[in-house]
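Reading through the structure tokens given below for one structure.
The values are calculated or read from the model by the stated rules, or taken from the named source; none is laboratory data. Please read these numbers as outputs of a predicted model, since none were measured by experiment. In this analysis, Cβ positions are derived from the backbone assuming ideal geometry, glycine residues included, and neighbour counts consider all displayed protein chains. Surface areas here come from the heavy atoms of the whole protein model, side chains and all, with no ligands, DNA or RNA. Shrake-Rupley method; radii C 1.70, N 1.55, O 1.52, S 1.80 Å.
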Amino acid sequence: MTAASWYHRDISRVVAEDLLAKAGKDGCFLVRDSESVSGAYALCLLFQRHVHTYRILPDEEGLLSVQTIQGIQAKCFRTLTDLIGAYQQPNNGLVIPLLYPVNRAREPVDEDSDGEDGRASHPPSLVPHSGNIAGSTSGWVTAQPNKAQISQQLQLRLQEQVHSSPASDFMGFMAEYLSHHLQLDLEALRNGNLQLRHLSTALVTACRGLHSEIDFTLAGLETLAKVFDPPASPRSPVREQGLLASDPDLELLLSKISTVNHLLSSLEKKVLKTLQETVTKHKLALPSVAVAHPPAAKPMAVQNFEVKVGKTQRASLTVDVESGTIAITKRGCSSPEETISQDKILQLIKYQSMQSKVRLVYDRDQHRSLTRDFIFQNARKREAFCQLLQLMKIQHSNLDEPDLISVYVGTWNMGSAPPPRSMASWLTSRGLGRTQDETTAGIPHDIYVIGTQENSLGDREWVEFLRASLKTLMSIDFRVVALQCLWSIKIVVLVKPEHERRISHVNTSSVKTGIANTLGNKGAVGVSFLFNGTSFGFVNCHLASGSEKTHRRNQNYSDILRSLVLGDKRLSSFDLTLRFTHLFWFGDLNYRLDMEVQDILAHVNKKEFEALLAVDQLTLEREKNKVFLRFSEEDISFPPTYRYERGSRDSYVWQKFKTTGVRINVPSWCDRILWKSRPETHVLCNSYGCTDDIVTSDHSPVFATFEVGVTSQFVPRKAPGSSPESLACIEWDSIEVIVKTASRSKCYIEFHSYCLEESQRSGENSSQSSDIPGFLKLSWSAKQLPVLSPILSDLEYLLDQHLLLSIKGMDSCESYGECCIAMRSMIGSLAQQFETFLFHRGEETGSMRGWMKVRVPKDRRSTRERLYEWISFETDETESDFPTLSKPALRAVRSRPLSLPDAASSYTNPAYFIFEGVPNTWAQCPSLSEPPYSPASDTQADRHPGHSPCRRLQSLTGAQAYSSSKEQLQRSPHYPVSETTSCGHQLSLSQIGRHKRPKSAILTRDPQTSGDCSLTALHMAWCLSDVDTEPPKRGSCLGPSQPEGRKNLLRHTRSALEPPQQSCWEGARSQRDTRRLNRAGEWPCGSGDHPRSVGRWLSHLGLEQYAAGLYENGWDDLEFFRNITDQDLLDAGVLSPTHRKLIQAKLHESSPRSLQQGPSLKPNP
């Protein structure tokens, strides 16, 4: 008996509400699996445009009942069908009887055709149904076509394989099974019997001859082993059993194979041990059998770089990592002009305008620092130089635990072919795209994560092959952290031996997404672990193939995201992408290019990759927020990695001739590497490319390398105090949430963090409203929010912590969305504002904003500089005075060129609200971002939010070197903006397409095109919050060309299109803050720029991120800034000792006159 049509299995709450909204009638209902309680159900009922959710719970006897409030007798039913039938009658306690069932959509037959390597289409299969449906006699329901058709399709596929397989006898046994016994196994499976008895019998018959061969081989190996093992061991019990067994089975065969494997692997060691004992006993000199010590790690070779110093002078930089020195030698000189030791280097500044230029800031004596500018041959050489200096700092640091590690991620669809003898180019990131320079390619990474698909090698064979390859290249015997396999999908994690003790809490998992999610030919494998105090997650997947299967691939991603069991079990209710500090997702994603083959080939020949990326299915789906929300991917600068002719990389093979016709496989970037990190963490992608010399598969291997900041297990320097003043605390002023839902349920917030002893929860929300259909606004005041007490109160510890928040319904305890907040920006004595998106099961479900503060005791505020904080970015001094944004660690999703038609409306994401008929004519100012972190002292003034849209150039030092999801970059539209400088502007047609698409702003588009006219739920939060606020007096951003009617459409959501007016408490400070912000080198830059700006002076050092903290502590004039002390800098948030030292050194060597002009930008002689 099949499941009832109103039972929708494990669909999400958001999908259920959308189905009911489309039905539109009061009394519409459906049943789905509960997200909060395993084995329970959720009854969703529509009444007056709102969805009411009732939880259906089983008791100890398996009886089902609708959960009721205390004191109300629950009605129990034996089956779910009986329960639904009873509640279709009136007066049963529901808001309305169950009148109209919303039927489950008919599941299409998914053949999951794999046109990649000649395989025929997969047959339709059985559809598993989750949950124990009352009245159903089976846990399975069959999908069309019938069993006979399944058998015929499988036989057809077998016939296609026979022509290329030498095992014709074996294929005969399998053909007989498919013809006569497959239907019997299908019937048994339908009745709940998971043992395929007839298949087992067929395999035993087919493998019968293998028993005698193994017995023969096993006897010979045992005889040879006894020669070197004088006290003869008893005969192998497995072998005796094999000789006596009259009817061998598969289990016995596997045992024999295991015994052969063990004997072969141990025989060499046994022979070597015997010979060594012979040498020792008879005092023989046999150097050929001496124990070979593992080779020591290769010392880093001294590297030389040709650079230009000044305009014409040439010089050579000699970097000796082992000795920790840099030697500068002018051309024509035999001896170095100057040698700088690593402990004297204060800062390394990369120029944005000239990708090959770098500035070195170092100490010459105690009170004087010098700067030298070097221009390298190209950007790759500069990056290699910076990596060597980073490695030098790490090797010569006195830290017991690392601050920074390098992570290698590789993915390759091997095409069921054995790998080549050498994979050096893949493992050393050499080939096409953004690759490693030859001077750094041989530097071993700390962690190697290798993902493969269609890997025909055995698990152990593959792991040992990888270890041997790395040992040959790096002279390091890497340790295996984890191996997880799903059929031919494998993931291997290897680490350096010194890191093995730092790895803990290793978890592995796999998810099948093949035919009906029951076959593992497609799916994902994952590994998670802790590296000291930093959590990592890695997912290798192989998604559905075929250009037309975009929706299926999106569904594969959702299934993996929902079903993969990784990370801390206490965070299992959170979205998988929020459970880890860093999550890397890679594999054969199989997204294709939507373009004609000949056009693709023409663009590839011209290396016009941007035109191809504009029609890349993964890029388009990410823009629509359907998959990989807030993930990042490095820019692609290498040709499509699929589908090449095997044995060559000269041509693509895009036609596949099959019995069913010709299949087209357009060249595509199927193999991808993406990542997502928590806000304000450090991660930089140093390479992303593919090899050009590994040709055994029709896919090229892809690689990416990352520089990742990690935290250690913190040990406090002082014992924790007992008084409240000596303990840190996390306090909330208010929280406001917008969720996309048709429910009116009261909610509470759950708080999780590694810095808390246990999770905490708030009271139910104090107020709620749903002024706009489909959105629910919830608010909590300080009374409903708990004060959280971290287990440690040290600033250095709290800077690296994050809070995970989940919004849950009071009635069902199901999550409406989860988010992550970095505590780094919230530390101070005054409340700081935060804004972020909510996610649930891979979808954006709403937004949250609020005010909070993290109080840190005065005696716990000491910290130290991290090894990755001494490299920063700065613009060239020859550029315009207007600041430009520093290169972000994470790139926004690419916008489509204007020449291409816009995608259809993207109201597939529930977090989007459509404004019908309103064109997207508003673009966010590209300089908007959040103020830098600066821990506040108890005496500092409150930070003015208006600083946010007026940010100067961000440095990637300190907190600015952290990756940030887009919610951290899109806070500024809520802040007040001066009338003289608008932070939004109309874009001309020539500008469209050159801007990254902000997720919380409306993208400017051609008014003639009908595209995505949507706002995110974060903007809806601002809209609903300001619905009762009087609109500002200034003109509408829609411009005079827009009809007045369109203004009226947006009257209640004006904050989505223009910044709100200042509140009363902000207005009192506006004049002072405007004076502070309107300085030279800052944004906005008016005609009245002040030449004495502290911010401008700091920007020349690449330290402008400290300007806000200095302003707030009163250091806003260079005349007084000369007298600042080390303690003053620390109180203003300059936590890095190196940066404090650099600032004071520059102030000491500057005269009052030169100070007004800023520090010297020219290199010291």
Does R372 qualify as being at pLDDT 85 or above and over 23 Å from E707 (Cα atoms)?
-> yes
For I476, indicate whether it is out of contact with any Leu (no Cβ under 6 Å at 6 or more places or on another chain) and surrounded by 22 or more Cβ atoms within 10 Å (Cβ to Cβ).
-> no
Note down all Cβ pairs under 6 Å where the first residue falls in the stretch 29-41 and is touching a residue at least 60 places away in the same chain (Cβ under 8 Å), the second is part of a strand (DSSP E or B) and open to solvent by less than 10 Å² (accessible area, probe 1.4 Å), and they're at least six residues apart or on different chains.
-> F29/L45; L30/C44; S34/Y41; S34/A42; Y41/V31; Y41/I56
Please work out which one of (1) among the polar types (S, T, N, Q); (2) touching a residue at least 60 places away in the same chain (Cβ under 8 Å); (3) in contact with a strand residue (DSSP E or B) (Cβ under 8 Å, 6 or more places away or on another chain); (4) surrounded by fewer than 22 Cβ atoms within 10 Å (Cβ to Cβ) is the condition T508 fails and give its number.
-> (2)
What is the number of the single condition among (1) open to solvent by 20 Å² or more (accessible area, probe 1.4 Å); (2) touching a residue at least 40 places away in the same chain (Cβ under 8 Å) that D794 does not meet?
-> (1)
Filter pass, V15 being β-branched (V, I, T), in contact with a strand residue (DSSP E or B) (Cβ under 7 Å, 6 or more places away or on another chain) and closer than 28 Å to T845 by Cα = no
Exactly one of (1) surrounded by fewer than 19 Cβ atoms within 10 Å (Cβ to Cβ); (2) within 15 Å of R849 (Cα to Cα) is unmet by S789. Its number?
-> (2)
Quick one: C541 ticks every box in (1) hydrophobic (A, V, I, L, M, F, W, C); (2) open to solvent by 10 Å² or more (accessible area, probe 1.4 Å); (3) more than 23 Å from R9 (Cα to Cα) except a single one, so which number is it?
-> (2)
Kindly provide the set of residues from the stretch 837-850 that are buried (at least 24 other Cβ atoms within 10 Å of the Cβ) and farther than 20 Å from E35 by Cα, ordered by number.
-> F837, S847, M848
Please tell me if D477 is among the charged types (D, E, K, R) and in contact with a helix residue (DSSP H, G or I) (Cβ under 7 Å, 6 or more places away or on another chain).
-> yes
So is Y816 modelled with pLDDT under 95 and either out of contact with any strand residue (DSSP E or B) (no Cβ under 8 Å at 6 or more places or on another chain) or of a type in the set (D, E, K, R) (or both) or not?
-> no
Kindly check whether there is at least one residue in the stretch 1146-1158 that is among the small types (G, A, S) and modelled with pLDDT of 75 or more.
-> no
Residues located in the stretch 851-866, provided they are open to solvent by 10 Å² or more (accessible area, probe 1.4 Å), closer than 16 Å to P790 by Cβ and either without any contact (Cβ under 8 Å) to a residue 24 or more places away in the chain or assigned to a strand (DSSP E or B) (or both) | K853, R855
Can you list the strands (runs of 3 or more DSSP E) found entirely within the stretch 728-783 that contain at least 3 residues being surrounded by 17 or more Cβ atoms within 10 Å (Cβ to Cβ) and in contact (Cβ under 8 Å) with a residue 12 or more places away in the chain?
-> 729-740, 747-752, 775-781
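Taking the condition of a type in the set (S, T, N, Q), in contact with a Gly (Cβ under 6 Å, 6 or more places away or on another chain) and modelled with pLDDT of 85 or more, does T79 pass? Give the derivation first.
Values: of a type in the set (S, T, N, Q): yes; in contact with a Gly (Cβ under 6 Å, 6 or more places away or on another chain): yes; modelled with pLDDT of 85 or more: yes.
Answer is yes for this residue.
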Give the stretch 391-424 a look and list any residue that's part of a helix (DSSP H, G or I) and open to solvent by 10 Å² or more (accessible area, probe 1.4 Å), or say none.
-> L391, K393, I394, Q395, A424
Test for V666: is it closer than 28 Å to V407 by Cα and either β-branched (V, I, T) or in contact with a helix residue (DSSP H, G or I) (Cβ under 8 Å, 6 or more places away or on another chain) (or both) = no
Within the stretch 385-397, is there a residue that is farther than 25 Å from S1136 by Cβ and within 31 Å of the chain's Cα centre (by Cα)?
-> no
Among the residues of the stretch 606-620, count how many are more than 12 Å from R672 (Cβ to Cβ) and either out of contact with any strand residue (DSSP E or B) (no Cβ under 7 Å at 6 or more places or on another chain) or assigned to a helix (DSSP H, G or I) (or both).
-> 9
Considering residues that are modelled with pLDDT of 90 or more, at negative phi and part of a loop (DSSP other than H, G, I, E, B), the number found within the stretch 18-39 is 2
The correct count of residues that are within 41 Å of the chain's Cα centre (by Cα) and open to solvent by 60 Å² or more (accessible area, probe 1.4 Å) in the stretch 309-331 is 2
